[in-house]
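Report on the following structure.
The values are calculated or read from the model by the stated rules, or taken from the named source; none is laboratory data. Just so it is clear, the structure is predicted and the values come from calculations on it, not from any experiment. Heavy atoms of the whole protein, side chains included, go into the accessibility calculation; ligands, DNA and RNA do not. Shrake-Rupley method; radii C 1.70, N 1.55, O 1.52, S 1.80 Å.
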Amino acid sequence: MAALLLIFSIGLSWNRVATIFDTALPIENSAQPLLILASTVCITSFGLAFSIAAWPIGILIVVVGLLLARFVQGLNIRIAVPLSVALLLAYIRLVYPLA
């Protein structure tokens, strides 16, 4: 269950993060709040994927998340990024509950 939350979090935020590497877009696009939020969620999800288990499982979580990103490429980014934030917060709440 926890790994699925990370997979979906990576998959929904990666398409926005990948726009950083698009040289056709103007440099001003890299300072948009939605892009900054998506980058934070994606990098955090990558790190948490490797922290929950051994590195082969972390690699599997990241690869499946990136494959999911290919399938949801047409999804509205304004919906995908907040949803990925919610999934990451659900993962954190599930794995690291408050005392």
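Couple of notes before you dig in:
- Span from the segment 1-23 Cα centroid across to the segment 39-85 one, whole angstrom: 4
- Between 0 and 90 degrees, the angle of helix 77-95 with respect to the longest Cα principal axis of the chain falls at about 20 degrees.
- In the chain, the portion of solvent-accessible area held by carbon and sulfur atoms comes to 74 percent [1.4 Å probe, whole percent, DNA, RNA and ligands not counted].
- Cα gyration tensor category, rounded, prolate or oblate, for the chain with a/c compared to 1.5: prolate
- Degrees separating the helix 2-17 axis from the principal Cα axis of the chain, which is the longest one: 10
- Here is how the number arises for the chain: DSSP H runs of 4 or more residues each give -39500 (n - 2.57), the sum is divided by the residue count, and the result at 222 nm is -24000 deg cm²/dmol.
- Against the main long axis of the alpha-carbon atoms of the chain, helix 55-71 sits at an angle near 40°.
- In the distance distribution for segment 45-99, Cα-Cα pairs more than 17 Å apart total 48 percent.
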